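Notes follow the structure.
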Amino acid sequence: MNDVVASLGLGLAVAATASNLWYCFLGALIGTLIGVLPGIGPIATMAMLLPLTYYLPPTAALIMLAGIYYGAQYGGSTTAILMRLPGESSSVVTCLDGYAMAQRGRAGAALATAALASFFAGTVSTLLIAFASPPLTAMAQRFGPAEYFALMTLGLIAAVVFTQGPPLRAVAMIFLGLLFGFVGADVETGRDRFTFGLPELRDGIGVVVVSMGLFGIAEVMLNLAGGAAQRGERAKLSRLWLTRADLAAAWPATLRGTAIGALLGVLPGGGAMLGSFASYAVEKRISATPHRFGEGAIEGVAGPEAANNAGAQASFIPMLALGIPSNSVMAMMVGAMMIHGIAPSPNLAIARPELFWGLIASMWIGNLMLLVINLPLVGVWVRLLDVPYRVLFPAILLFCCIGIYTVNSSATEIVLVAAFGVLGLVFTRLDCPLAPFVLAFILGPLMEENLRRAMLLSRGDPTVFLTRPISLALLVCCAAAVALLLLPSFRRVRATAGAG
Amino acid sequence: MSAAYPVGTTVRMGPGYLPRIVAWGLVALGAASMLRGVLAGGWRLEAIALRPVAAVALAVVGFALTVDRLGLFIASVIAVLVAAAGEARPRWREAVVTALGLAAFCSALFGWVLGLAIPVWPR
Amino acid sequence: MNGFRATIAGALAALGLACAADAALAQAYPTKPVRIVVAFAPGGRTDALARLMAQGLQERLGQPFVVENRGGASGSLGTDVVAKAPPDGYTLLLATTGPQAVLPITGKKLPYDPDKDLTPIALIAESYSFFGINPAVPAKTLAEFIALAKAKPGELNFASSGVGTFNHFAGEFFNVAAGTKITHVPYRGGAPSVTDLVAGNVQMMIGGEFIENARAGQVRILASTNPTRWSEMPDVPTMAEAGLPAFKAPPIWFGLMGPGGMPRPLVEQINRESVKAFTDPKMTPKLVALGSVARDETPEYFAAQIRNEQKLFTEVAKAADMKFED
C-alpha cells in the first residue's frame, strides 16, 4: 500500500512539472475544441496530432495524447447535449436526456452536470487504477466468451425492460438493430454477410455512422420538417448553473454511474459505451419517477457521463497491466509508445515507473483541467444555440459529413449517414425508441461472436454457460429481468408510469 | 439473402444461423404489430413535410459524391445549397453567402489548420 | 548525307535530353508532400512502422511525408487507394505480408489487380514471430507440446487475429507439419486474441503480437518461426532447431509499394532513401521495440519474395484444407 502511495507521489511529481502540465493542458484544450466538432472523435484527433508528439519526450507525448482523449470525449458530450449529435459512441446516451434538457432551456445545467460528473468519475477511476489494478485485471481475466455472451444478453434484455412504452416496439427495434449489426465479415468463417458486394461494408457499418445519422441528421430533418414553430418552442436559457435540487438528484447517480462504468470499462473491448447504457438503465429503474427519463431527467445525464468517463479511464487498465490495448483509442496510445521506442509491456510499471505513474497522475490532472477549461466555456457553447437555425443546420450537416469522411475517407459512409438519418426520422415519428436499436446494433455482433466462440471452445457443449459461475450468475439476472417484464404487477406499474 | 448462407448446426453455427432467427423474429413481430394495429382501429401518421427531408438527405449524398473529386470547398457549397433548397421559399442570396462562408471556414479549419487528409480543391 | 547526320544528331540530342529530363525528374522528387497509406487503423505495428518511415524520409528528402490510415477489409481498401493513384511517387503504400501475400490467394474479390496495379519498391523491415503457449500448459519445449497435442487430439486451441491472417496460416501449417489437430479460434484482431491466450481460453498462438507479454511471463515462447534466432532473445531456438524443420513460415515483412507502372529511376530512388532511413543506427532501438529488423534489398528481390510467398501460402492452404468462402 505504501508502495503505491509512494509511486503516486512520484507520478505526481513527474506530472506536475511545468512542461508536463503545459502539455496536459494543451492536450485537453485541443481535444475539447476538436471533440466539439461533430463526428471527429478522439481517434481521429489523436491520429491528427500524433506527428506533433514525435519531438516531445515520451512521457510528455503520452500525457498530451491522454489529455486529447478526455478532451475529445467531453467535447463529444457537449455536441450530444446541444445538438443531439453524439461525438462518439459513448455519448449516444447523453443525447437522450441531455438534449431534452437543452430543449427545455437547461443546456447550461446539463453541460455543467456532465463536466462535474465526469470529473468525479475521473478522480475515482484514477485512484482505482492506482490501487486496484491487479485485482480488477484478475477479475477481467475470468471473463471468457461465455461470460461476455451472458453479459451482453443481459444488456439487451435490460434495454427492453427499461424502455418506456410498448415492449413490442423495443423488441422490434432490438431485432432491427441486430440485423444491421450483422453486416460485415463473419469472424469465424471470414465470409461476407449482407455486404452487397461493397468492400467498404466488409468491416460492418460504423457505429459513428449509425449514431450520427439516427440522432444528429434525423434531428435536423425533424426540425426542418416540423417547421419553425418547433424550434421556437425551445425555452430561453434560464440558468447556467445547477440548483440544489439538481445536485441532490445528480450526486447519487454520479456515484452509481462511476461504479458501473469502472467495472464494465475494465473488460477488454466494450467498456465505456456499455457502461453509459447500463447506467442509464439503472437510473431509470431505480428512479421513483421513471417517466421523467427522456424528458430531461438530470440523473440521465449525470449517471451515464460518470460511467462514460470512468469506463474510459478504466480501459487504460488492461493496457497498463497486460500491454494489450482494449479498444482503438488505447491502440493509438500503444502505437505512440512504439514510435517512441517503448514496447508496451505488462512490466511497464517496473521498467519505466516514471512514465507509468506520471501517466496515471496526469490522468487526474487532465480531468481537473477539463473542468477548469469547460465550466467557463459552458456559457459560450450555449450561446451557440442562439445562432439562427438557417445558418446552424447547414453547419451541422457539413461538420457531420466532414467528420465521417475523416475517419475512413469513405464517401460510402457519408451516404449511409444520410440513409440512417431518414431511418431515424421514420423511427422517431413512429414512436420507436432509438436506444435499443443502437445498443442491439453494437452488442449484437459481439454477442453472436462470443456465443459461437464459447461453443467452439466447449466443442458444442451448451451447458458451458451454466457451469461457469459468472456466466451462470449473469444468466440468472437475465431470467430475473425477463420475469420482471412479464410480471403483471410490474406491467401495471409501467403502464401508469407511462401514462403519468 | 441470408437463406443462401450455410446455416450449419447448432454446434458449429454457420454465419446464417442467427440472422435467420432474427429475421424470422422480426417478421413475427411485424405481423403481431400489424394485428394489434388493425385490432385497435389503426393510427394516423402525421404528415411529414417531404421537401426539407429530401433536401437534407440529398445534400449529404451530394457531398459524398463530390468530395472525392471536387474537393472540400466545392462539395461544401453544393451541400449547403441543396439543403437550402429544402425551404418552401428558399432564400437564395442568403444561402449562397452561407454556403461560401461555411465552405471557406471548413476548408480553412479542416484542410489547413488541422491538416486532415481531405482534398480541399479538385484533384 | 547532311540530312542523315542531322537526323542522328537530332535523335542523340533528343535521347540525351530525355535522359537528362528523366534524371532531373528523379532528382526533383519530391517537390510536394507525399502520402504513405497504411491499410490498417492507427495504432498497430504497421502504422507505427509507417510513421517511423515517414519521419525518416521526411528528414532525408525535406518534404512532408504524411501517413494516411485507410483501414478496412483486411487491408484491401487501403491497397486499392494506392493501386488507383497516379504512379508519380506521391502516393505510397506501406505493405505487409497480410494484404499483399496472403489476401490475394484467399479468393476474395479484390477491386484491383494485385500483380499489375502495384509496384514493389523496397523491402524495409522484417518482424519476428514466435510460437507461444499459455504458461499453464504442461510443456516446456516444442517437442513436449507436440507430444501433448498428439496425445489429446481435438482438445487444444490456437488463436488468430482473423480468418486468413498470418496467425491462421501459421497455425494450420503447424498442424500439417507436426501432425497435430489443434482447433483454430479466430478473433477480431490481435488484441483480443492475445488477451485470451494470456487468460488461458486458448492454448497456443503463432505470431509477433505477444513478445512483451512473454517477457513478463504471461506467455511462454517455445520457438521462433524465423530462419534465425533473434538477438534480443538468444535463448529461443528456431523451429528447425527445436525439432520441426518441416515448418517453414516466412517472417512477416513490411515494405513500400507504389501504384503500378512507376518509372524505374523513381523506384530506385525511393528504395535507396527508405533503406537508408531504416538502417540508420538511430532507428534501430525503435525497430527493436517493434520486434523488427531493417532489410536492404532490390525491388526485384522484393517482387520475387511476394510472388514466392503467395505460392507458399497457396500450398499451405491446400495442404491444411483451408476453405475460404465468399
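Okay, here's what the table says:
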{"quantity": "Pair list, Cβ under 8 Å, 6 or more apart: the range C:194-218 residue within 20 Å of C:Gly43 (Cα to Cα) and in the same structural domain as C:Thr180 (by TED's automatic domain parsing), other residue of a type in the set (Phe, Trp, Tyr) and in a helix (DSSP H, G or I)", "calculated": "C:Gly207/C:Phe166"}
{"quantity": "Unmet requirement for C:Ala178, which otherwise passes all of (1) free of Cβ contacts under 8 Å to residues at least 60 places away in the same chain; (2) more than 24 Å from the chain's Cα centre (by Cα)", "calculated": "(1)"}
{"quantity": "Yes/no for C:Asn167 being of a type in the set (S, T, N, Q), farther than 30 Å from C:Glu273 by Cβ and either in contact with a Ser or Thr (Cβ under 7 Å, 6 or more places away or on another chain) or part of a strand (DSSP E or B) (or both)", "calculated": "yes"}
{"quantity": "Hey, A:Phe427 over 19 Å from A:Gln103 (Cα atoms) and out of contact with any Asp or Glu (no Cβ under 9 Å at 6 or more places or on another chain) or not", "calculated": "yes"}
{"quantity": "Number of the condition not met by A:Gly98 [criteria: (1) outside any helix (DSSP H, G or I); (2) open to solvent by less than 10 Å² (accessible area, probe 1.4 Å)]", "calculated": "(1)"}
{"quantity": "Test: C:Leu110 is without any contact (Cβ under 8 Å) to a residue 40 or more places away in the chain and within 13 Å of chain A (Cβ to nearest Cβ)", "calculated": "yes"}
{"quantity": "Residue in the range A:339-353 that is in contact (Cβ under 8 Å) with a residue 60 or more places away in the chain and more than 14 Å from chain C (Cβ to nearest Cβ) present", "calculated": "yes"}
{"quantity": "Unmet criterion (only one of (1) within 23 Å of A:Leu224 (Cα to Cα); (2) within 11 Å of chain B (Cβ to nearest Cβ); (3) open to solvent by 50 Å² or more (accessible area, probe 1.4 Å)) for A:Leu384", "calculated": "(2)"}
{"quantity": "Matching residues in the range A:82-92 - criterion: being over 17 Å from A:Tyr70 (Cα atoms), crowded, with 24+ Cβ neighbours inside 10 Å and of a type in the set (A, V, I, L, M, F, W, C)", "calculated": "A:Met83, A:Leu85"}
{"quantity": "Residues located in the range A:314-325, provided they are assigned to a loop (DSSP other than H, G, I, E, B) and more than 7 Å from chain C (Cβ to nearest Cβ)", "calculated": "A:Ser315"}
{"quantity": "Members of the range C:29-76 found to be of a type outside the set (D, E, K, R), in a helix (DSSP H, G or I) and modelled with pLDDT of 85 or more, listed by number", "calculated": "C:Thr46, C:Ala48, C:Leu49, C:Ala50, C:Leu52, C:Met53, C:Ala54, C:Gln55, C:Gly56, C:Leu57, C:Gln58, C:Leu61"}
{"quantity": "Residue count for the range A:27-53, restricted to those that are within 14 Å of chain C (Cβ to nearest Cβ), open to solvent by less than 10 Å² (accessible area, probe 1.4 Å) and more than 16 Å from A:Val208 (Cα to Cα)", "calculated": "3"}
{"quantity": "Flag for C:Pro234 being without any contact (Cβ under 8 Å) to a residue 40 or more places away in the chain and more than 14 Å from chain A (Cβ to nearest Cβ)", "calculated": "yes"}
{"quantity": "The one condition in (1) modelled with pLDDT of 80 or more; (2) open to solvent by 10 Å² or more (accessible area, probe 1.4 Å) that B:Ser76 fails to fulfil", "calculated": "(2)"}
{"quantity": "Selection count, the range A:32-70, where residues are in a loop (DSSP other than H, G, I, E, B) and under 22 Å from A:Ala361 (Cα atoms)", "calculated": "2"}
{"quantity": "Residue selected from the range A:326-338 under the condition free of Cβ contacts under 8 Å to residues at least 24 places away in the same chain and either small (Gly, Ala, Ser) or more than 7 Å from every other protein chain (Cβ to nearest Cβ) (or both), by the criterion most open to solvent (accessible area, probe 1.4 Å)", "calculated": "A:Ala331"}
{"quantity": "Lone unmet requirement of (1) within 10 Å of chain A (Cβ to nearest Cβ); (2) farther than 16 Å from A:Ala411 by Cβ; (3) open to solvent by 10 Å² or more (accessible area, probe 1.4 Å); (4) touching a helix residue (DSSP H, G or I) at 6+ places or on another chain (Cβ under 9 Å) for B:Val97", "calculated": "(4)"}
{"quantity": "Matching residues in the range A:369-378 - criterion: being more than 13 Å from A:Ala117 (Cβ to Cβ) and open to solvent by 10 Å² or more (accessible area, probe 1.4 Å)", "calculated": "A:Met369, A:Val372, A:Ile373, A:Pro376, A:Leu377"}
{"quantity": "Elements of type helices (runs of 4 or more DSSP H) in the range C:246-324, at least 3 residues being within 14 Å of chain A (Cβ to nearest Cβ)", "calculated": "C:284-289"}
{"quantity": "Candidate set: the range A:387-436, residues that are in contact with a helix residue (DSSP H, G or I) (Cβ under 9 Å, 6 or more places away or on another chain) and outside any helix (DSSP H, G or I); chosen: the one farthest from the other protein chains (Cβ to nearest Cβ)", "calculated": "A:Pro433"}
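Residue-wise test of (1) modelled with pLDDT under 90; (2) open to solvent by less than 30 Å² (accessible area, probe 1.4 Å); (3) among the aliphatic types (A, V, I, L, M).
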| residue | (1), (2), (3) |
| --- | --- |
| C:Pro114 | yes, no, no |
| C:Tyr128 | yes, yes, no |
| C:Glu144 | no, no, no |
| C:Leu148 | no, no, yes |
| C:Gly162 | yes, yes, no |
| C:His168 | yes, yes, no |
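For (1) open to solvent by 10 Å² or more (accessible area, probe 1.4 Å); (2) not polar (S, T, N, Q), each residue gets a yes or a no:
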site: A:Lys284; (1), (2): yes, yes
site: A:Glu295; (1), (2): yes, yes
site: A:Ala310; (1), (2): no, yes
site: A:Gln313; (1), (2): no, no
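Yes/no per residue for (1) within 30 Å of C:Gln55 (Cα to Cα); (2) at pLDDT below 85; (3) assigned by TED's automatic domain parsing to the domain that holds C:Asp47:
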position: C:Ile270; (1), (2), (3): yes, no, yes
position: C:Ser274; (1), (2), (3): yes, no, yes
position: C:Phe278; (1), (2), (3): yes, no, yes
position: C:Met283; (1), (2), (3): yes, no, yes
position: C:Leu290; (1), (2), (3): yes, yes, yes
position: C:Phe302; (1), (2), (3): yes, no, yes
position: C:Asn308; (1), (2), (3): no, no, yes
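The values are calculated or read from the model by the stated rules, or taken from the named source; none is laboratory data. Given the structure is predicted, the values throughout are model-derived calculations rather than measurements. A quick note on method: Cβ atoms are made from the backbone with ideal geometry, for glycine too, and the neighbour counts reach across all protein chains shown. These accessible areas exclude ligands, DNA and RNA; they are computed on the full protein's heavy atoms, side chains included. Shrake-Rupley method; radii C 1.70, N 1.55, O 1.52, S 1.80 Å.
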